[in-house]
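S.K.: Questions regarding the structure given below will be posed in turn.
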Amino acid sequence: MRQAIAAAVIAGSARVHDVPGKVRLRQLTYFVAATIDGFIAGPDGSDPSGPDGFFVAEGGHMEAIFADYPDIIPAPVRTALNTHPANKVFDTVVEGRGSYEVGLRAGVTNAYPHLRHYVFSRTMTQAPDPGVEIVSTDPVETVRELKREDGKRIWLCGGARLAATLRPEIDELIVKLHPVVAGAGIPLFDGEFSPRRFTLSETQRYDSGVLHLTYRKR
């Protein structure tokens, strides 16, 4: 039974019905790239992974993402590489308006059409793409509802304010730590001071100098 449960969790399934009286909610994972000093973007909010960005764009860490987390590869990259892998870990993505607008400024109305896509905003009423749903209600309650649904894991891709709001609901934090010091910018979390410990569960080091650090909620 334990092996069956483990297999279900690894596969990203939402619930484990094999344990009497218990329901396993699907996980919320904050999977994000950051600098050594903890910034996910520069002060102007522009894309740090773009052509003029400061994140490392090539190396073994990119190969690992394509192999292990193909779901987070945006549509323009998939199209350019002529690759369209099936969802492996995630089937849902949530983000804040600021994060979503990074793509809009580049002319991308839906970077993840292969995922259920939710954007949290109190000022944006409608997305320019029918595959993107604008949510104006409480992010915490919405994510809790999504967790109770069947499916794979939920990916929180940004931004900092939404991450701070959803911090109590984050089950897993994967930081792609780039060998860069930005000095200033948008932090991993932009909220009130409220320390919360996570457990480091996995570390991967790549020839590009990038570290993949996986933390789990205690």
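S.K.: Any residue that is in contact with a Ser or Thr (Cβ under 8 Å, 6 or more places away or on another chain) and modelled with pLDDT under 95 - is there at least one of those in the stretch 170-183?
M.R.: No, there is no match, as no residue in the stretch 170-183 is in contact with a Ser or Thr (Cβ under 8 Å, 6 or more places away or on another chain) and modelled with pLDDT under 95.
S.K.: Go through the stretch 138-169 residue by residue and tally those that are under 29 Å from Glu58 (Cβ atoms) and either in contact with a Cys (Cβ under 6 Å, 6 or more places away or on another chain) or assigned to a loop (DSSP other than H, G, I, E, B) (or both).
M.R.: Total satisfying the criteria: 2.
S.K.: Kindly establish whether Leu213 is at negative phi, surrounded by fewer than 12 Cβ atoms within 10 Å (Cβ to Cβ), assigned to a strand (DSSP E or B) and not hydroxyl-bearing (Ser, Thr, Tyr).
M.R.: No; evaluated as a whole, the condition is false for this residue.
S.K.: For Leu156, indicate whether it is in contact with a Phe, Trp or Tyr (Cβ under 6 Å, 6 or more places away or on another chain) and surrounded by fewer than 18 Cβ atoms within 10 Å (Cβ to Cβ). Even if it seems obvious, please write down each step before you answer.
M.R.: On the way: in contact with a Phe, Trp or Tyr (Cβ under 6 Å, 6 or more places away or on another chain): yes; surrounded by fewer than 18 Cβ atoms within 10 Å (Cβ to Cβ): no.
Spelling it out, it is not the case that Leu156 is in contact with a Phe, Trp or Tyr (Cβ under 6 Å, 6 or more places away or on another chain) and surrounded by fewer than 18 Cβ atoms within 10 Å (Cβ to Cβ).
S.K.: Right, another one. Residues to consider are Ile186, Ile170; find the one that is surrounded by 12 or more Cβ atoms within 10 Å (Cβ to Cβ) and closer than 24 Å to Pro43 by Cα.
M.R.: Ile186 is the lone residue from the list that is surrounded by 12 or more Cβ atoms within 10 Å (Cβ to Cβ) and closer than 24 Å to Pro43 by Cα.
S.K.: Which one of Glu141, Glu145, Glu149, Glu133 is among the acidic types (Asp, Glu) and in contact with a His (Cβ under 8 Å, 6 or more places away or on another chain)? Steps first, answer last, please.
M.R.: On the way: Glu141 fails: in contact with a His (Cβ under 8 Å, 6 or more places away or on another chain); Glu145 fails: in contact with a His (Cβ under 8 Å, 6 or more places away or on another chain); Glu149 fails: in contact with a His (Cβ under 8 Å, 6 or more places away or on another chain).
Result: Glu133 is the single residue among Glu141, Glu145, Glu149, Glu133 that is among the acidic types (Asp, Glu) and in contact with a His (Cβ under 8 Å, 6 or more places away or on another chain).
S.K.: Now for a separate question. Let me spell it out: the conditions are (1) in contact with a Gly (Cβ under 9 Å, 6 or more places away or on another chain); (2) exposed (fewer than 15 other Cβ atoms within 10 Å of the Cβ); (3) within 17 Å of Gly96 (Cβ to Cβ), and Asp207 meets all of them except one. Which number is the exception?
M.R.: (3)
The values are calculated or read from the model by the stated rules, or taken from the named source; none is laboratory data. Since the structure is predicted, the reported quantities are computational estimates derived from the model, not experimental observations. Glycine also receives a Cβ, built like all others from the backbone with ideal geometry; neighbour counts cover every protein chain displayed.
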